[in-house]
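Worksheet: the structure to be examined is printed underneath.
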Amino acid sequence: MRSVELLLDADGDAAVRRAWAALMAADLPSAGRHSGATNAPHITLAVCPGEAAGGVADAARLAGLAATLPRPVELSGLVLFGGGDRRVLACHVVVDEAMLRLQRDVVARLGGAGGVLAQTAPGAWTPHVTLARRMPLARLETALEVCGPVDLRVEAVAMRVWDSVAKRVTVVA
């Protein structure tokens, strides 16, 4: 599986990492618990299913789209995804037409809506920056207090492809 992601500027990265650390300090789930070198706050634009490694090929297909960066990004509010008694907690990304166009262009270059997971197809995509996975609903009030209100204006400064088969990040030029 491969994902195409936007990385945040230093201020945005630091703000999200502070939220990750605050969740960990409160003994809550946090995306910051993943200590791999490739773990970084990001906005996923598309996810391609399948086992074939293709990060380098995907980056070549996406060449030129990174030229739209840097671009402003507004993180505003928190959202929950999933069902059951545990959810994904994330910062909501407010989108404008330019962000929607970029996401549509990424999907088109990856083979269209049939080439990506349904939740990242144009019209179904909910842009966000993940704070925690498997957040127990019973601890949600604490998580919301720890994260506080989110209202940040940052920039997306880079695009990358994360290839989970090859365990490799490829920067899109």
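Remarks
- Residue-averaged [θ]222 nm for the chain, counting only DSSP H segments that reach four residues, each worth -39500 (n - 2.57): -8000 deg cm²/dmol
- Amide H contacts of LEU8 (H built 1.01 Å from N, in plane; Pro and chain starts excluded): VAL157 sit under 5 Å, all sequence-distant by 5 or more or on other chains.
- Debye, to nearest 20: dipole size of the range 80-142, +1 on Lys, Arg Cβ, -1 on Asp, Glu Cβ: 260
- Cut-off 14 Å, label 7 Å out along Cα→Cβ of SER35, residues of the range 113-149 by amide N: none
- Within the set (i) 43, 32, 31; (ii) 65, 38, 26; (iii) 58, 31, 28, the number that Cα extents along the principal axes in Å takes when calculated for this structure is listed as (i).
- The residues of the range 1-118 expose, per residue, 45 Å² of accessible area to a 1.4 Å probe.
- Backbone phi angles across the range 117-129, fed through the Karplus curve with coefficients 6.51, -1.76 and 1.60 (θ = phi - 60°), yield HN-Hα couplings of 4, 3, 6, 10, 6, x, x, 10, 6, 10, x, 6, 10 Hz in residue order; Gly and Pro are listed as x.
- Contact order normalised by residue count of the range 6-48, Cα under 8 Å, 6+ apart, percent: 49
- Counting only Cβ charges, +1 for Lys and Arg and -1 for Asp and Glu, the dipole size of the chain around its Cα centre is about 460 debye.
- Of the peptides 32-38, 136-142, 103-109, the order by per-residue mean of other Cβ atoms within 10 Å, starting with the highest, comes out as 103-109, 136-142, 32-38.
- The chain - percent of accessible surface contributed by carbon and sulfur, probe 1.4 Å: 56
- 3J(HN,Hα) along the range 21-28: 5, 5, 5, 5, 5, 8, 6, 10 Hz, from the Karplus curve 6.51 cos²θ - 1.76 cosθ + 1.60 with θ = phi - 60°, whole Hz, x for Gly and Pro.
- Considering only LEU110, SER76, ALA143, and ranking their Cα positions along the charge dipole of the range 51-173 that arises from unit charges at the beta-carbon of Lys, Arg, Asp and Glu, the one farthest toward the positive end is LEU110.
- Full-stretch length increase - ALA63, LEU117 - with 0.36 nm per residue and alpha-carbon distance subtracted: 17.3 nm
The values are calculated or read from the model by the stated rules, or taken from the named source; none is laboratory data. This one's a predicted model, so the numbers in the text were calculated from it and none came from an experiment. Counting neighbours? That spans all protein chains shown, and the Cβs are built from the backbone with ideal geometry, glycine included. The accessibility values were calculated without ligands, DNA or RNA, using every heavy atom of the protein model including side chains. Shrake-Rupley method; radii C 1.70, N 1.55, O 1.52, S 1.80 Å.
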